[in-house]
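Okay, structure first, notes after.
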Amino acid sequence: MPKRSSKRKPEDENQAAFRMVRESLGEQPADETPKKAKNPAAVSLGRLGGLKGGKARAAKLSEKRKIEIAKRAARARWSKRQDPA
């Protein structure tokens with residue numbers, strides 16, 4: 001299956017002219033919706049929680065559990081590696 005491109009299809013001259021006229025008149029193009037502004041207070045609260053999440057989880061884990069997680073991660077990394085034969 002081919003990968004989807006995030007790029008838009010190139011406009012032909014008529015489409016580009018129509019878009020420029022609408023922009024010059026101050027009209028919003030039909031395919032583009034205005035993005036809502038994020039609440040700065042909510043953004044800062046979310047960032048605070050994200051910054052302490054990993055450290056708080058690591059502090060709760062026992063040493064034995066941390067070793068188990070590390071071994072599983074190493075096994076997953078090395079299982080993806082192919083022999084150069």
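Of all residue pairs spaced 6 or more apart or on separate chains, those with beta-carbon atoms under 6 Å, a first member in the range 9-22 that is open to solvent by less than 100 Å² (accessible area, probe 1.4 Å) and a second member that is at pLDDT below 85 are ARG22/PRO29. Residues that are loosely packed, with under 10 Cβ neighbours inside 10 Å and either touching a residue at least 60 places away in the same chain (Cβ under 8 Å) or among the hydrophobic types (A, V, I, L, M, F, W, C) (or both) within the range 57-85 comprise ALA59, ALA76, TRP78, ALA85, listed in sequence order.
The values are calculated or read from the model by the stated rules, or taken from the named source; none is laboratory data. Keep in mind it's a predicted model, so treat the numbers as computed, not measured. All Cβ positions, even for glycine, are placed from backbone atoms using ideal geometry, and neighbour counts span all protein chains on display. With ligands, DNA and RNA removed, areas are computed over all heavy atoms of the protein, side chains included. Shrake-Rupley method; radii C 1.70, N 1.55, O 1.52, S 1.80 Å.
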